[in-house]
Structures are given as C-alpha cells and as structure tokens.
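Down below is the structure, laid out as structure tokens.
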Amino acid sequence: MVVTTHEDGAPRVERGAPAPAAARIRFEHVDKSFHDKQVLHDISFTASAGEFIALVGPSGAGKSTLLRLINGMHKPTSGSITVLDTSPADCSRRELQRLRARVGFIFQQFGLVGRVTALENVLMGALSRLRAPRYGIISYPRALRERAVEMLDRVGLADQRFQRCDTLSGGQQQRVAIARTLMQNAAIVLADEPVASLDPTASVDVLEMLRRLSQEDGFTVVCSLHQVDLALSHSDRIVAVREGRIILDQPTAETTGNDIHSVYRRASESAE
Amino acid sequence: MTTSLTAEPLEAPPAPKRPRRISPVLLVCAVYIALTIYGCWWIGVSLEAVIAGAADIGRLVERMFPPTFGNPLEVARMLLETLLIAVAGTAIAAVLSVPLGAAASDRFTGPRVVQWLARAVIMVTRAIPSLVFALILVRVFGLGPTAGGLAIALHSVGMIGKMFADAFEEQDPLAADAVEAAGARRAQTFIATTLTRAMPRMAAIVLYRLDINVRASAVLGIVGAGGIGVALQTAIGTLNYRYAAGIIIVIVALLLVLEGVSVLVQRRLAEHAHEGDVAMLFSPGRNAWTPGWTRRRVIRAITVWGLIAVVAWSLWVIAPDPDRALRSLESTWRLLIGMFPPAFSPAVFAGLWESFLMAITATTFGVVIGLILAILSTDLVVRVPVVSTILRVVVVLVRGVPDLVWALLFVAALGLGPFPGFLALTISSTALAAKFFTDSLQNLDPLPMRALESAGAGRLQVFVAGVWPQFMPSFVGNGMFTSDLALRESAVLGVVGAGGIGFLLQESTRTLHYETTSAIVLGLLVIVLALEVGARWIRRAIL
C-alpha cells in the first residue's frame, strides 16, 4: 500500500490490489457534508464476503457517518455507494427497507426496548419479514419464535429469553442486540463502537462472538473500534479514518499497534 | 500564579444600561385587576349582592334537607350509565389518540401536512369543552348517552393526543433507530419500540383522563346527553330540592371514591414504570419459544380482558340503534352545511365577552382566596394542624361538586344571570387554585427556608424571602391555567341560565341556527387559544 497526498495536502491511500469482484460494499469517491461542513472526503473502499473490517480513528473522524451511509441512514453528497448490488442513495423507502433487512446494525448503546423480554427484542429483527405490526411475543409466528430462541442460544442467552432486557448486564444486552441482527439473516453487519460501553472482559467476549458468528454464517462485518488491541486481534483488515479521510487500509496481519496509534497521535497533534 | 485581591482598583465597571421593561408578572396582574374591576361592574358583583345572595342560598339549602335518594335501583342505573359514558368516551379517545399523538409528535417522519393536521385536531378539540360538543351532538344523535359518549371522546382526544405525543417524544429514539435499521416498516417500528416503552405512561394518562371524564359525564345529562345529570336537572326543574341534594351527594361520593381509586392505581402504575425488580417476565412454557403463565401474567391477562369487556359493554350502551345511526349521517351533513358561513352577531360578541369577563373575574377572586387557603393548609406561615386538615377536606369536597352543579344551585337560589355563574366559577377556581398552590408549596426546596430560619428570620420574612421567589413561577403558571379552565367552564354555564355565551349556544342548536353555533365555537376557540398563547409567553418570560 502506498500513501501519497491529496492536492490539499491530506494523505491519500492508493491500493495496490484491485477490489474483489464479489464486493458486498463498494464506496467510490464518496463525499458527505452536513450543511456546510464536509465530514467525509473522497472515500473509496470495498468489503468482500465474510471479511471482518475494523474501522479505527479518533472521535469525530467520520466513522459513524461512514457506517450510516452503508445502510442508507445518510445519503452521500457525491460519489457512489453500492451495497449488495444496490445503491442505497437511489432506493425508494420500500427498497431501502428491503436492503436494511439484509444489513444488520449494532449500536454502542444496544438500542433495545428495556421493558420487554430478550426474546421479544430478538424477534424485532424479523419484523422486515412480516407485513403487519406486532406487539408481544405471541403475536409473532411460531417458526420465528423458535428461530429467535435458537439465535439467543447461539449468543449464550437462551436461559435469559424471558428476562426483562434492562435487567441484563451491558455485555448480555449487546449479545441480545447481536442475536437480533442474526434474526435478520444479514449479509453485512455494521457495528458502531459495539464495545465502547462494556468492561474489558465483556468487550473481548462480544467481539469474539461477533467474529465467530461472522465465520460461521459468512457475513461481512464493518466494526468501528477505539481499542487498538481488540482491532488487531479480531479483524482481517484495518481501515483508519482521520478528519474524514481514509489514511490507512491494509490487512491486519501487516499492521502493527504503532501504525494505529500513529493515527490517533497525529490526530491529537493536529488538534493541538 | 498568585492573585492579589487588593491590588486591583475597587471601582466597579459602569453597569450596562438596560432598557426599561415592564415586568411581565406585573403586566399580567394589572390586566387581571383592571378586567376584574370592570367585570364586577358588568356582572353586578358587590358586597350587598353577596350578602343578599348568601341569605337566598341559605334558604335553598334549608329546602334541600333532609336529602332523599328516590329509587335506589334507578339511581344506581343512572350512576352506571354515567360511568359507562365516561369509559366509552375515554376508550374511543385513547384509541384515536395513538395515531394522532404519533403523527403530532416531533419524532414523526411522515409528510409534514399530516403532522400539521394532527396538531390542529389536538388544538381545536382541546379548546372546545365536552358540554359544547354534547349540545351539538344531541342534535345529531338525539337525547341519550350516544351524544354524551361521543362528546367526551371528541374533547378528550385533544388532551390525550397531546399527552401521548409528549410521552412518545420522551422515549429514547435509539431502539426505534435500531429496529428501523433492521428493515422494519414505520408502523412496525413505532409499535414494537416507542409504543411498547410508552405503555405505562399512556395507561397513567388514560386513567387520569377517565377521572376528569366521569366528572364531565355526571353533568352531561343537563343538556340531555345521558347519565345522572338528567335526574339532577329534572329534580331542580320540578323544585324537588331534597331529591336534587340526594343526587348531588351521590355524584360527589362517586367522584371522591373514583379520585381515591385513581390516585391509588396511578401510584401503582408509577411503581410499575420502574418494575426492574421483576427480572423474569414469564416462566418457561410448554416449549422453549412459548412464554409460560406466572401469577403476574395471569393477573395482567385478567385485567386486560376485563377492561376489554367493560369497554365493549360501554360502547354497547352508547351505541345508537341502527335506524338512528343512519339518520345521524343525514343530520351530520345538515349540521355541517348549516354551520357555514358562521354568523357573528352583536349577541355572539356580547355573550363571549361576558363569558370571558366571568372567567377572569372569578379567577382573580379564586386565585387570591386559593392562595390564602393554600398558605393556611401548609405550615409555612401559620402552624395550626387542625385548620390545615379541615381546609384540605373542605377543598376536596368543594372540588367534588362539578361547576355546573354549583351553577344550577345558585341559579335556583338567586335567579338567572351572570352573578350565579360568577359565584360557581369563583368557588371552583378557588378550590382548584388552592389545590395547585398547596401542591407546589409543599414541593418547594426547603433549604433556603431553613437557612433563613437559622439566620433568625421570622415566619413572614421566611415566606417573603425564601418561599415567594421559588413559588412565584408556579403561582403565575397555575393561576393562568385556572383561568384557562374557568374560561371553558364559563362558556357552558349559560345552559343552566348562569350567564355567558352558553345560553345563546344552547338556543342556537335548539333552533337549528347552526351558523350562530359555529360562530360561537370559533369565537371560543380564538379566546381559548389566545389565552394559551399568553400563558405560554408569560411562562417563558418568568422562567
């Protein structure tokens, strides 16, 4: 990989190898602005089937915006994005719902309904397959309920299926959120700092689980992380973002802790 | 680094010149006092009138004793009908308020015009009292509980819709974002996340409204819209004051019992809102994916099905017969056509002005007397526990009697005109203001008061320096809310001859002059909304 600079002096990544043909996510020269503030500049990258990509970079670098562009929660200002052969920016509302059904999203704060059971939260991952709204566990078809228990079992929480979600620990709640994503049968899972609210042991557990499930089911993971050691130990590829630009994109095996630390160091230097 | 405090010259920088502004509180007080002085002249309030009125009221009370209760079965039937009208109206309003509140909330992501329409419906239905709706609906559905139930539903939908919208906005949007990101439709996301989370809060709102609606349905009968009010109206109309007293006692007893039940259930619901102590919501069922039955689930299921049965029964009670329902379509059409264009006449303006003056004058008296009662009910200035207990009981009992019942009694004692209406409104405003003020005085931060006490300040000094500055925003806010409620009430007192626009409103519907009805409703809407905007401005200015 060669790092050069843009005309405005910002670093630019040139990739030696061409993108694999079966890319599940493809960004080509994507810019994103909110009002007058440009938060992403000329982003190009691809992610292929089964890949686990760790997205690193300082806070405010644009990682969350990049993830939200993938599932169409934001639209790019310019450039093109293709996700599972669909352009989220050009989708109708219904088409976007269909695309999102195949793209799981895991949030830092879990995004669970605290006052209902873990099982019901997992079942919500299957709503895209149903037409009518649902309220309460028994309003879901039996086959889906059976599958939801299976998914909870895969994340080690089958015994807690009837427990109120807000009485589970942080790590358990994030596992419920992962099980909800599994219910989607997702081809891509986006995780926005999924372990930022967890203690170190729970963080390792959650990432190991995500990694294992990705290998078993073959889904692509794009996971933003701040913990350098976790990024190095769990991912196949590291993509570093700073000030809205990708400044490093290489296989994890070729990346050292210093490479990633330098991304944060340069950010704090430029902040000073 | 060291700092010298004495090295700097002690001259204070010149204070920036602030433009001279009239305090908004003083402005409001001045407006209220001016309107009250004018209102006293308009209504004919004077010390002599009050003394003479007291003697007349005394004679009426003598004629009411001993109260009689007539046929107990008949009274029970009417009480049940009153309750079921309130239940049906509240249930219809609650169901309609879910989509309405969702569309009106800030979180609504659909078309702007839908949100705008939902907010308009909420604003308009909140501003029009249920008795006004009842007057109009009696023309469409005829005398009986159908008009009553629907009138309650129409008025409640505004308030419940607004409170539901607030409840939906309070919910953390992350769960909804997460489920939407999983490809769920808008309605699925809303029901699975926002509605599910808001459920305990919604139950509390509906219960609170049911309490208010029973109070309203007790007097709907006065305009022929079903319930026990019919009997009250008949008893007073036939000068059977002992039976009227019996019915009033039954109504007050029912309302007090319901208020007690409502407070208890709301307390339990509030506890349930934080039911984190119960971790397992279901026991394991006959297989892994079916929830089993726990005691909690059994109780919940019985409650839910019981409620559904009661609501179904209430809907059956207020349902019009098929023939009447068919004819009501035609009547509704005639009513709507007849309402345009609204006919604003001098009589409409005079009636609205009288209602407005009655409300403002009664509020001024009510707020001042209510403040004195509240101070005496708490131990801030005077500490005589017996007095405060007696005052609280009196306030609860007085609040138990609906305004229209007070007005009926005063009209019977003093004759027609705005004076009995003013007295009824003053009594209800006093009781309401006393309750609001007592609650907020009790919830003040005690630390500043203790600090002043420990510095040797007297009770009056503590009140002026430690209590009043904290209490003032709530005094103004609740005072304006009291006038808001008094205005809605004063608009309907005329149906029993107690002054204001109510008389003309009732006459216009009786004589099928719907163009006058619509003018009155529009005028009322403008005054209520203007008062609400004013109250919001004041609240923003003083907070």
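Points to keep in mind about this one:
- Test item: Cα-centred dipole of the stretch A:177-224, Lys/Arg +1 and Asp/Glu -1 on Cβ, debye: 140
- Volume per residue that the Cα convex hull of the stretch B:176-249 spans, once the total is divided by residue count, Å³: 90
- Measuring r between the beta carbons of A:Ser262 and B:Arg536 and using R0 = 60 Å, the FRET efficiency lands at 0.65.
- Counting only alpha carbon atoms, the long axis of helix A:200-217 and the longest principal axis of chain A meet at about 80°.
- Computed from phi, the 3J(HN,Hα) profile of the stretch B:216-232 under the Karplus parametrisation 6.51, -1.76, 1.60 (θ = phi - 60°) reads 5, 6, 5, 10, 4, x, 4, 9, x, 9, x, x, 6, x, 4, 5, 5 Hz, with x in place of Gly and Pro.
- Likely footprinting exposure, A:Tyr140, B:Tyr32, A:Tyr135, fewest C-beta neighbours within 10 Å first: A:Tyr135, B:Tyr32, A:Tyr140
- The stretch B:265-385 - convex hull of the alpha-carbon atoms, volume per residue in Å³: 302
- Relative contact order [Cα under 8 Å, 6+ residues apart], the stretch A:117-185, whole percent: 49
- When you restrict to C-alpha pairs under 8 Å that are six or more residues apart and normalise by the size of chain B, the relative contact order lands at 19 percent.
- Residue order, fewest to most surrounding Cβ atoms within 10 angstrom, among B:Leu409, B:Leu26, B:Leu425, B:Leu315: B:Leu26, B:Leu315, B:Leu409, B:Leu425
- Signed unit charges on C-beta, dipole axis of chain B, positive-most listed residue B:Ile302, B:Ala165, B:Trp289: B:Trp289
- Helix-only [θ]222 nm of the protein assembly as shown, DSSP H runs n ≥ 4, -39500 (n - 2.57) each, per residue, nearest 500: -20000 deg cm²/dmol
- Size descriptor, Kirkwood hydrodynamic radius, that averages inverse alpha-carbon separations across chain A, Å: 19.3
- Database remark: amide H of A:Ile247 closer than 5 angstrom to the amide H of A:Ala240, A:Val241, A:Arg242 (H placed geometrically; neighbours at sequence offset of 5 or more, or on other chains; Pro and chain starts carry no H).
- Eigen-decomposition of the gyration tensor built on the alpha-carbon atoms of the stretch A:158-272 gives equivalent ellipsoid semi-axes of 29, 17, 12 angstrom, largest listed first.
- Given their separation in residues at 0.36 nm each and the Cα-Cα distance between them, B:Glu62 and B:Thr332 gain 92.7 nm when the chain is fully extended.
- Among the residues of A:112-123, the average count of other protein chain beta-carbon atoms within 10 Å of the residue beta-carbon is 5.
- Kirkwood radius for the stretch A:49-101, taken over all pairs of different Cα atoms as the inverse mean of 1/r, rounds to 12.2 Å.
- Cβ-based charge dipole, chain B, positive-most Cα from B:Leu391, B:Ala235, B:Trp537: B:Trp537
- P(r) tail, chain B: Cα-Cα pairs separated by more than 46 Å, 20% of all pairs.
- Sequence of A:Lys75, A:Lys32 once ranked by neighbouring C-beta atoms within 10 Å, starting from the fewest: A:Lys75, A:Lys32
- Pairwise FRET efficiency - B:Leu525 versus B:Ser454, Cβ, R0 = 51 Å, nearest 0.05: 0.45
- For A:Ala49, the residues 5 or more places off, or on other chains, whose built amide H falls under 5 Å of its own are A:Arg24.
- Amide hydrogen neighbours beyond the local backbone of A:Ala191, cut-off 5 Å, H modeled: A:Ile106, A:Val222, A:Cys223, A:Ser224
- Hydrodynamic radius by Kirkwood, which averages 1/r over all alpha carbon pairs of the protein assembly as shown, in angstrom: 31.3
- Rg/Rg_ref, the stretch B:85-165, where Rg_ref = 2.2 N^0.38 Å and atoms are Cα: 1.12
- Under the Karplus curve 6.51 cos²θ - 1.76 cosθ + 1.60, θ = phi - 60°, whole-Hz ³J(HN,Hα) for the stretch B:332-346, x wherever Gly or Pro sits: 4, 4, 4, 4, 5, 5, x, 6, 10, x, x, 9, 7, 10, x
- For B:Phe410, net neighbour charge (Lys/Arg +1, Asp/Glu -1) across residues whose Cβ lies under 13 Å away: -1
- Rounded D (µm²/s) - the stretch A:120-182, Kirkwood Rh over Cα pairs, Stokes-Einstein at 37 °C, 0.692 mPa s: 280
- Convex hull of the stretch B:384-521 built on C-alpha atoms - directionally averaged projected area, nm²: 10.6
- Charge dipole of the stretch A:163-264 (Cα centre as origin; +1 on each Lys and Arg Cβ, -1 on each Asp and Glu Cβ, all else neutral): 240 debye, rounded to the nearest 20.
- Burial ranking of peptide ranges A:141-153, B:526-538, B:349-361, A:223-235 (average Cβ count within 10 Å, highest at the top): B:349-361, A:223-235, A:141-153, B:526-538
Read the figures in this text as sums done on the coordinates, not as results from a lab. What you are looking at is a predicted structure, and each value in this text was computed from that prediction instead of being measured. Every residue, glycine among them, receives a Cβ derived from its backbone with ideal geometry; neighbour counts consider all protein chains shown.
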